[in-house]
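Note sheet for the following structure.
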Amino acid sequence: MSIIVDQNTRVVVQGITGAEGSFHAAQMKAYGTKVVAGVTPGKGGTQHEGTPVFNGVAEAVRKEGANASIIFVPASFATDAILESADAGIAVIICITEGIPTLDMVKAVRYVAEKKARLIGPNCPGIISPGKCKIGIMPGDTFLSEGKKKVGLISRSGTLTYEAVKQLSELGIAQSTAVGIGGDPIVGSIFTDLLPLFEADPETDGVMVIGEIGGNAEEDAARLVKARMKKPVAAFVAGMTAPPGRRMGHAGAIISGGKGTATEKIQVFRECGVAVAQSPAEIGSTVAKMLKLA
Amino acid sequence: MKIHEYQAKEILARYGVKVPKGQVAFTPREARLIAEIIGKKVVVKAQIHAGGRGKGGGIRTADNPNDAEKVAHEIIGMNLVTHQTGPEGRKVRLVLVEEASTVARELYLGVVVDRNTAQPVLIASAEGGMEIEEVARKSPEKILREGINPLTGLLSFQLRRLTAALGITKEQTKAFSALISGLVNCFVKEDCTLAEINPLIVTPEGDVVALDAKLNLDDNALFRHLEQAKLRDVNEEDFLEVEASQHNLNYIRLDGNVGCMVNGAGLAMATMDIIKYCGGEPANFLDVAGAANPDTVGNGFRIILKDPKVKAILVNIFGGIVRCDRVASGIVQATRELQKEGKIRVPLVVRLDGTNAKEAGQILRDSGLNIIEIQGLKAAAEKVVSLIK
C-alpha cells in the first residue's frame, strides 16, 4: 500500500509544454506514472510527446479521467492553476512552482478545502510511492520500493529528502510513500495532515519527519505523534545554525520573534517520544534503530 | 523585503492611517528646512532597518530648526548600535524629521500571516511601545488576536470586540476603527508579510496616530508591485548578499570560516549544521538551487571567496534532476578560471552524490586540479573542518 497516490493514479500535467513540465512529464512516464493528459491554454487538441494536450483541466478530467494534477506553471499563474484543478474535481493537486505570494496561498488553501481536494506544496518536490507512481521532480532511482521494512517520509525540503532516502535505501529500508510538503509559510498539506494517513497504512512500519526552522508545524506534529500514533516516528530538523531573522532560502524558514528555532522543535520531538537524528548524516541510522534493525 | 519607517508611513498614510507630519532628510540642512516647515518641536529619527533605535541614541527631539540641524548632524553618519544590529552597528545615512506628539496612551497593533490558521491575524495589545515578544512571553493574556478571513476581511463585531478589550473610548472609536481598517487593507493590498504600528498612540486631544511603523513586503509578490522595487535600500544589506542576489544566488553571510555551496535550501541548512556538528563554523548559507552550471558555480565561488574569513570551502551537491557530471564540469571550469585569476586561496572539498556521481568523480580526478573529493556527507564535513584546524 501507499498513501495518496498509487499505480492507478491518473495524472494531468499543468504546463506540459513548458521546459520544466515537458522534461518532468517524460521523467514521470519513464518511471511508470500514468501521465494521461497535459494542459496548456491555447494548445488544446494537440499532442505533446504522445500525451494529449487540453486547454483546461476540466476537459482532461472528462476525457482522460485525470484524478491528480502536477503544476509547473510560473508563480504569477500558479495560484489560478491550483484553483482550476480544484474546481475540475481533481483530488490531489501537487504544486511544484516556487515563489507564489503568501496571500495567494491564503485564498488557495481555503478554496481547495471547500472543494475537498488535497493540495501538496507549493515549492515542493512532489510525492512518490516507489515502484508505483511518481508525481514530482525527485530522482526516482534513489528510492526503494521493497526492503526489510518500509517507512513513510514527510519533508519540508527537496534535496535533503533525497539525502535521507539515499541513507535509508542503502540500509535496505524501503519507502512506502515520500511526500515533499514544501518550504513556504503556507502549504496545502502539513505534517499533521499526513501522519494519520501513514498510521492507517498497513504497509508503513514507521515515519520519518524532516522539518526545518520556522513556524510550529514540527511541534504540532510531535504532539500528534504522542497523542494518536502507535507507529514509531523519527525526525530531523534542519537549521540548528541558522541566525534569527534571516530567511534561509525557503520563504518559511525564518526564526522570527525568537520562535521556530531548531532547538525548540527538537526538544518537543524528544518530549513526545520521537527519535531525533543528531545530524543530517544520521537520518538513516536513526530510522534503522527506531525500526529495531540496528 | 524590509523598508524604512518613513517609507512605511508614506504607504500607510495612503490607506488612511494617520501618521505624524514629517519628511525624510539626507542632510542636516534638509532636516532644518523640514523643521522650519513643521514649525514646532520635532523628533529626529535615524532610518535603519533595525529596531531599538531610541535606546541606541538614534531618536532625539529638537525644540527648533537650529536644534534639528544640530541633532541631525549628530545622527547622520553615526554608527548606531542596537540589539538588532549586532555589536558592529549600522551607519545612519538618513533621518525622518517629524512633529513631536504628546502621548496619552500607547498601544500595539500588528498584522502577520498565521501559519496555523493559514490566514492573516490582527494582533493588538494595550501594552504598546514595548517589544511585543516580551509582552507575549511575560503576560500572554494581554495579547489580543483576531483572525482575518480572506473572504470577508475583518468584521464589525471583531472591531467592536477589540475596541472594548483595549478600552478605546466612545469618542475615539471611529478614528481607531478607521486606522485598523487602513492597516488591514494595506497589509492585503501591498502583499505585506508584516505590518506593525508600535506604538499606536492616543493623544490628549483624542487623535489616534501611528507613531512608529514597520512594513515587511513579500518578495514573492514583487512581480505585481513594480513600484515597490524602488523602496529597496541596498545600503542596509550586506554587500556580498546584494552581489549574490544580482546573480540570482541565495546567499547569506554568517560568522564562521567554512564556506559552503549546496543545492537546495534544506540541504544547505543541513550542511551548515553538520559543519558545526563536526566542530567547524559555517561562513555562509548558499543555495545554488537547480542551476548548478559553470556560471552559477563560478559566481558562487567568487562570492564565498570575497569573505576574508573563509579558510576552506565545502561543496555539497545531491544530484536529482541536476546531474552531478555537469556540476563537476562546472566546478572544474570555474576552478580553472579562478586559478588563472589567482583567486583560489583555500582548499576545496567536494561531495557529489546522486545522479551520475561516478562520472562526476572521474571528471574531478581527471582535471588534475587540487580538489579534494570525498564521499558521504559526514566524511566531507569532517574533512573540511580538519583542514581548518
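The values are calculated or read from the model by the stated rules, or taken from the named source; none is laboratory data. Values in this document were obtained by computation on a predicted structure and should not be read as measured data. Cβ coordinates were reconstructed from backbone atoms using ideal geometry, including for glycine residues, and neighbour counts include every protein chain displayed. Please note that ligands, DNA and RNA were not included when accessible areas were found on the heavy atoms of the full protein model with its side chains. Shrake-Rupley method; radii C 1.70, N 1.55, O 1.52, S 1.80 Å.
Key figures for this structure:
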read-out: Surface/4 of the Cα convex hull for the protein assembly as shown, nm²; value: 31.3 nm²
read-out: Rounded to the nearest 10 Å², the accessible area of B:Phe223 at probe 1.4 Å; value: 90 Å²
read-out: Peptide-level mean, for A:105-111, of C-beta atoms on other protein chains within 10 Å; value: 4
read-out: Pairs beyond 26 Å (Cα-Cα), from B:Lys18/B:Lys214; A:Lys34/B:Lys378; A:Lys259/B:Lys383; A:Lys29/A:Lys150; B:Lys189/B:Lys230; B:Lys9/B:Lys55; value: A:Lys34/B:Lys378; A:Lys259/B:Lys383
read-out: Kirkwood estimate for the range A:151-294, i.e. one over the average of 1/r between Cα atoms, Å; value: 14.9 Å
read-out: Whichever aspartates and glutamates have a C-alpha closer than 16 Å to that of B:Lys70, once near sequence neighbours (fewer than 8 apart) are set aside; value: B:Glu30, B:Glu36, B:Glu98
read-out: Tilt relative to chain B, helix B:65-75 - C-alpha long axis, 0 to 90 degrees, to 10; value: 20 degrees
read-out: Euclidean distance of C-alpha centroids, the range B:332-353 and the range B:136-161, integer Å; value: 54 Å
read-out: Rel. contact order, % - alpha carbon contacts under 8 angstrom, at least six apart, chain A; value: 14 percent
read-out: Volume in Å³ per residue [convex hull over Cα atoms, computed for chain A]; value: 116 Å³
read-out: Rounded to 5, the percent of DSSP beta bridges in the protein assembly as shown classed as antiparallel; value: 50 percent
read-out: Dipole axis of chain A (+1 Lys, Arg; -1 Asp, Glu on Cβ), positive-most option in A:Ile154, A:Val233, A:Val109; value: A:Val233
read-out: Förster radius 60 Å - calculated FRET efficiency between A:Phe77 and B:Leu305 (Cβ-Cβ, nearest 0.05); value: 0.95
read-out: FRET efficiency, B:Glu141 to A:Arg228 (Cβ-Cβ, R0 30 Å, nearest 0.05); value: 0.55
read-out: Loop GluC sites (Glu not before Pro), the range B:3-94, which have at most 14 other Cβ atoms in a 10 Å radius of their Cβ (DSSP); value: B:Glu88
read-out: Straight-distance crosslink candidates among aspartates and glutamates, where the alpha carbon sits under 15 Å from B:Lys389 and sequence neighbours closer than 8 are dropped; value: B:Glu281
read-out: Chain B - percent relative contact order, Cα under 8 Å, separation 6 or more; value: 12 percent
read-out: Estimated FRET transfer efficiency when R0 is 30 angstrom, pair B:Arg161-A:Thr192 (beta carbons, to 0.05); value: 0.55
read-out: Helical mean residue ellipticity (222 nm; -39500 (n - 2.57) per DSSP H run of 4+; nearest 500) of chain A; value: -10000 deg cm²/dmol
read-out: Degrees separating the helix B:173-189 axis from the principal Cα axis of chain B, which is the longest one; value: 20 degrees
read-out: Computed log₁₀ I(q)/I(0) - Debye formula, equal Cα scatterers, no solvent, the range B:237-292, q 0.20, 0.21, 0.25, 0.27 Å⁻¹; value: -0.67, -0.73, -0.96, -1.06
read-out: Range of Cα positions in the range B:21-99 per principal axis (Å), largest first; value: 36, 17, 16
read-out: Neighbour count of at most 13 Cβ within 10 Å plus DSSP loop: longest trypsin sites (Lys or Arg not before Pro)-free window in chain A; value: A:1-115
read-out: Label-zone membership for the range B:247-261, site A:Thr263, 7 angstrom Cα→C-beta point, backbone N under 17 Å; value: B:255
read-out: Reference-scaled alpha-carbon Rg (2.2 N^0.38 Å with N residues) for the range B:150-297; value: 1.51
read-out: Inter-part distance where the range A:236-264 and the range B:41-69 are each reduced to a Cα centre, Å; value: 33 Å
read-out: Percent carbon-and-sulfur accessible area, the range B:284-389, ignoring ligands, DNA and RNA, probe 1.4 Å; value: 49 percent
read-out: With all protein chains modelled, accessible area of B:Thr82 [1.4 Å, Å²]; value: 10 Å²
read-out: Averaged over A:277-288, number of beta-carbon atoms from partner chains that fall within 10 Å; value: 4
read-out: Over the range B:105-231: Rg over Rh, Cα atoms, Kirkwood Rh; value: 0.97
read-out: Compactness of the range B:187-249 - radius of gyration and Dmax, Cα, Å; value: 16.0, 53
read-out: Fraction of alpha-carbon pairs over 28 Å apart in the range B:238-388 - percent; value: 7 percent
read-out: Within straight-line cross-link reach of B:Lys343, lysines at Cα separation under 16 Å, skipping those fewer than 8 residues along the same chain; value: B:Lys306, B:Lys309, B:Lys311
read-out: Globularity index of chain B, i.e. its alpha-carbon radius of gyration over 2.2 N^0.38 Å; value: 1.21
read-out: Value of relative contact order over the range B:21-99, rounded to a whole percent, pairs C-alpha under 8 Å and six or more apart; value: 44 percent
read-out: Distance between the range B:162-210 and the range B:253-293 - C-alpha centres, whole angstrom; value: 42 Å
read-out: Inter-label distance, nm, simple model (7 Å from Cα along the C-beta direction), A:Lys116/B:Asn64; value: 7.7 nm
